[in-house]
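Read the structure below first, then the notes.
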Amino acid sequence: MAKFVIKKCPPLKGLVKTCGSKNAVLPVLAAAILTDGASTIRDVPSLSDVLTMEKLLESLGVKVNWDKGRDVISISASGKLHSEAAYELVSKMRASFLVMGPLLARLGEVKVPLPGGCAIGTRPVDLHLKGFSALGAHILFEHGFVSAKAKRLKGAKIYLDFPSVGATENIMMAAVMAQGQTILENCAVEPEIVDLSNFLNSAGAEVKGAGTDTIKINGVKELKETDHTIIPDRIEAGTFMVAAAITNGDITITNMLADHLKPVIAKLKEANVSVFETDKGIRVDAGEGKKLKSSDIKTLPYPGFPTDMQAQFMALLTLAEGTSIVTETVFENRFMHVGELKRMGADIKIESRSAVIEGVKMLTGAQVKATDLRAGAALMLAALTAQGATEISDIYHIDRGYCNLDEKLNSLGARIERVEDN
Ligand code: UD1
C-alpha cells in the first residue's frame, strides 16, 4: 500500500486551483438517476469516491462516461434500472446511500445495504428513512438491507430532528417526483444542498428555498437531461489555506468561493493570518517569521465551522502560541487524529467532546496513520512543518477525497513523496 514520506519544507508560495466539490458531485451523480436523457456534469474531481459512485451507478443500470482529461461525466439513466444496490459498493462509501431516494422515486422500490459504522462515529440513517416513510414509503429491514416501496410517493411536511446533509439530499431527491408539495423543515443549508437543488431545477424540478432551513418542493412527473457545473470544493480550499498558514507561507487559491468559508477565514485571522481577495483569487499570507496565535473552535452545521476542517485546523493550532480549545459537536468520535498528532510532538488532551491544545514550538516527524480522510490531510499539513521526515500510511483515505493533494502541495514548494510500500 502506498504511503507519503514528507520532509519539512520552506514557506509555501504560489498559485493553486481547487477542484469541483466531492460532497456536491456525489449527490448530483445520484440525482442523475431521476433524469431521462443524457446529462453532462462538469468540474468533476478525480477522486476514488467518485469512482465508487460511478461503479455503483453502473451496477444499477446507469450509463456513465467519465472523461477524466476534461473533468466531465456524461450520464444517462434512460435504460432499464435495477432497484438493488450491492453490499460491496455501498459498504465502501457511506454516500452510496444517496441512491436510495432517487431509486425509490424513479422505480417505486429500492433495496440498499445499511451503511455500517465508520471511523468517525456510528452515523445512523434514521432521518433519511423517517423522511421516506413520511412520503408514504413502506420501510422494511432484512438481512442487513433496508428496502422501501411506494407506488408513487406523496408530498408531506417533514421536520428533521437534526439538519443532516445526507438526509436533506436524499429526501429532496425522493420528493422531486412525488405527488403534490413537500415541505422540509430544519433541513441542512450547506452550499452542496444548493448545488443539488440547482442541478434538479435545471432538469425541470421545482425546488425552492435550498440554502435556507425550509425547502419547498412541488412534485413533477419527470426530469429531463441537463448540463451542470459542480461548485468548487470548499474543504479542499480550506485545507490549502491551512497549508499556507502552518508553513508561514503566502499562496493564492483560485476556483474558491470565500463566502463558503467565512468561519474558517475568521478563525485564520484570529490566528494571525492575513486572508484577502485579489484579482487572481484568495490570497492567504501568514508572513514569514510571524507567530500563530491560539484560537477556539466549535464545529457546527453550516454556516458554522465545518467539521470537515476540524482536524486540519487542529494541526495548525498545535503550533499556535497559547491554549486552544476545539469542540466537535457534529460527530461523536472525530478525534482519531489526536493520537497521531501527539506522536508528532503535539500537546493535546481530550476532555469529552473537546480537545485542549497547548501550542508547542515545533512538531517532529514520525510514522503515523491516516485514520480517515480529513485526519489524513491534517497529518500531511503537520508534516509540512515537522522537523525531519514523516511517514503517513493508509493514504488511500486521502485519495478518496482530495485530487492530487501531494502534487498540488509540491507545486507550492512542499516535499512530499508518494512511495509504494511492498
Ligand atoms: C456529510 C458530508 C461529510 C460531512 C458531514 C457533516 C457528504 C458526502 N459527506 O456527511 O463530509 O462531514 O456531512 O457536515 O456530503 N445523523 C443521524 N441520523 C441520520 C443522519 C445523520 O443521527 O439519519 C447524524 C450523524 O450521525 C452525524 C450528524 O447527523 O452525527 C451529521 O451527519 P450528516 O449531516 O448526515 O452527514 P453526512 O451527510 O453523512
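The values are calculated or read from the model by the stated rules, or taken from the named source; none is laboratory data. Small disclaimer: the values here were computed from a predicted structure and weren't measured. Ideal geometry is used to build each Cβ from the backbone, glycine not excepted, and the neighbour counts take in all protein chains shown. Each accessible area value is taken on the protein alone, full model and side chains, heavy atoms only, with ligands, DNA and RNA left out. Shrake-Rupley method; radii C 1.70, N 1.55, O 1.52, S 1.80 Å.
Provide the solvent-accessible area of K369, counting protein heavy atoms only and rolling a 1.4 Å probe, rounded to the nearest 10 Å².
It works out to around 100 Å².
Cα to Cα, under 30 Å, and not fewer than 8 places away if on the same chain: which lysines meet these conditions relative to K154?
The qualifying lysines are K63, K80, K111, K130, K208, K216, K221, K224.
Using only Cα atoms, tell me the angle between helix 48-59 and the longest principal axis of the chain; keep it within 0 to 90° and round to the nearest 10.
Approximately 20 degrees, to the nearest ten.
Ordered by residue, what ³J(HN,Hα) values in Hz, to whole numbers, does the range 261-266 give under the Karplus form 6.51 cos²θ - 1.76 cosθ + 1.60, where θ = phi - 60° and Gly and Pro are x?
After applying 6.51 cos²θ - 1.76 cosθ + 1.60, I find 10, 3, x, 5, 5, 4 Hz.
For a test of the definition: using alpha carbon positions, the gyration tensor, and the 1.5 limit on a/c, classify the chain as rounded, prolate or oblate.
Note, shape of the chain comes out prolate.
Please list 3J(HN,Hα) in residue order for the range 159-169, calculated via the Karplus relation 6.51 cos²θ - 1.76 cosθ + 1.60 where θ = phi - 60°; whole Hz, with x for glycine and proline.
Once θ is set to phi - 60°, the couplings for the range 159-169 become 10, 7, 5, 9, x, 5, 5, x, 5, 4, 5 Hz.
Taking every DSSP beta bridge with both residues inside the range 22-229, roughly what % is antiparallel (nearest 5)?
Close to 70 percent.
Pull up all non-local amide H partners of Q387: gap of 5 or more, or a different chain, and H-to-H distance under 5 Å with H placed in the peptide plane.
L363, T364, G365
Which order do you get for Y402, Y159, Y302 if you rank them by accessible area with a 1.4 Å probe, largest at the top?
Sorted descending by solvent-accessible area, the residues read Y159, Y302, Y402.
At 0.36 nm per residue, minus the direct Cα-Cα distance, what do S91 and T229 gain on full extension? Give it in nm, one decimal, please.
46.9 nm
Could you sort the peptides 167-177, 339-349, 382-392 by per-residue average Cβ neighbour count (10 Å cutoff), highest mean leading?
Highest to lowest by the protection proxy: 167-177, 382-392, 339-349.
Any aspartates and glutamates with Cα under 20 Å of the K149 Cα? List them, leaving off those in the same chain fewer than 8 positions away.
E84, E109, D126, E169, E222
Among the DSSP beta bridges whose two residues both lie in the range 258-412, what percent are antiparallel, rounded to the nearest 5?
Beta bridges within the range 258-412, antiparallel portion: roughly 65 percent.
If you plug each phi of the range 37-47 into the Karplus form 6.51 cos²θ - 1.76 cosθ + 1.60 with θ = phi - 60°, what whole-Hz ³J(HN,Hα) values come out, in order, with x for Gly and Pro?
In residue order, the calculated couplings are x, 9, 9, 10, 10, 10, 6, 7, x, 7, 9 Hz.
At K7 and I350, where each label point lies 7 Å from the Cα along Cα→Cβ, what is the point-to-point distance in nanometres?
3.4 nm
Once the convex hull of the alpha carbons of the range 22-229 is built, what does its volume come to per residue, in cubic angstrom?
With only Cα atoms used, the range 22-229 gives 101 Å³ per residue.
Mind putting a number on the dipole of the chain about its Cα centre? Charges go on the C-beta only, +1 for Lys and Arg and -1 for Asp and Glu, and I need it in Debye to the nearest 20.
200 debye
Probe of 1.4 angstrom, ligands and nucleic acids ignored: what's the accessible area per residue over the range 293-422, in square angstrom?
On a per-residue basis, the range 293-422 sits at 40 Å².
Leaving out ligands, DNA and RNA, and with a 1.4 Å probe, what % of the accessible surface on the chain is carbon or sulfur?
49 percent
How long is the gain from V360 to R70 if the chain were fully straight, where each residue apart is worth 0.36 nm and the alpha carbon distance is subtracted?
100.0 nm
Run the quick spin-label model on E84 and E332: label points 7 Å from Cα toward the beta carbon, then report their separation in nm to one decimal.
For E84 paired with E332, the spin-label model returns 3.2 nm.
From the helices alone, meaning DSSP H stretches of at least four residues, give me the mean residue ellipticity at 222 nm for the chain, per-run term -39500 (n - 2.57), in deg cm²/dmol to the nearest 500.
-9000 deg cm²/dmol
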